[in-house]
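Scroll down for the structure; my scribbles are underneath it.
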Amino acid sequence: MRHPGLAAAGVHAVAPACALLVALAACGPAHALEVVRSGRALGAVPTRLVPASGAPSTTLRAQEPAGGLVGRRQDTTLQRSAGPQTILREAEVPRERLEQTRALLAELKARPTPEQAISIDLPADVLFDFDKSDLRADAASSLDKAAELIKSYAAAPLTVVGHTDGKGTDAYNDSLSLRRAEAVARALHRQTGRQAAVQGQGKRQPVAPNTTPDGRDDPQGRQLNRRVQILIGVPSREGR
């Protein structure tokens, strides 16, 4: 004889199981997954990337900078000039003498001073014999070029300064440098009709060392210091 309690418990246990079967039936038949293994190595298989169907396309473009400024690369080649591009104090030079003046400035290695005078150094060894103040005959070429340059600056005041090397006493060098400056000033006056002030600076304004760092004599440096300097000054306001 079946016990009434056990019968009731069986009914309650079967009900959930039936509900699960009904739910699985409603889902339809199960889809089986099939796994296929390939014997080829993946390294030998070419790979090709293809955009997914319906995916948005992407285009990369350079961003324009704000303000509309765009950097631009331009190749530049620096070349040595064939000659000076400007003439010292060009406004004073007559137009018909511009090219000649440019050539003379370059040949005489003219340079501006802090006061804007045009400075020319003529080697004393070219102008004078040793310890002498009389111009040599072969000094004419250098003086002719200096005179032609002076003619391009008609209103400029002139100064001629003599310099010596470091040998000898101050008194001797001052006298020698002054006499040499006077000789050059006289030669320029004959060619240009211009009067120049003269100075003898002796050995006080060297442009090179008279001795080497170890104290020995430097003949090349002393040769550079023996010179006569021609200064083409800046015209006064009245002369402009």
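Please work out the FRET efficiency for the pair E107 and R237, using the Cβ-Cβ distance as r and a Förster radius of 30 Å; give the result to the nearest 0.05.
0.45
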- With the label point 7 Å along the Cα-to-beta-carbon line of Y172 and a cut-off under 15 Å to each amide N, the hits in the stretch 126-155 are 130-133
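Could you give the length gained by full extension between F130 and Q223, i.e. 0.36 nm per residue of separation minus their alpha carbon distance, to one decimal place? Each step should come with its number before you reach the end.
Values: separation 93, 0.36 × 93 = 33.48 nm, distance 1.11 nm.
Fully extending the segment from F130 to Q223 adds 32.4 nm.
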- For A154 paired with R48, estimate the spin-label separation in nm (one decimal), with each label point 7 Å from Cα along the Cα-to-Cβ line. 8.9
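At most 14 other Cβ atoms within 10 Å and a DSSP loop assignment: could you name the chymotrypsin sites (Phe, Trp or Tyr not before Pro) in the stretch 95-165 that fit? Let's see the in-between values first.
On the way: sites: F128, F130, Y153; in loops: F130, Y153.
Passing both the DSSP loop test and the Cβ count: F130.
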- Item | the stretch 140-240 - Debye-derived log10 I(q)/I(0), Cα point model, q = 0.10, 0.18, 0.23 Å⁻¹ | -0.33, -0.84, -1.11
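We did not get these values from a lab; they are worked out from the coordinates using the rules stated. Predicted model, so just to flag it, every value in this text is computed and none were measured. Note that each Cβ is placed from the backbone with ideal geometry, even for glycine, and that neighbours are counted across all protein chains shown.
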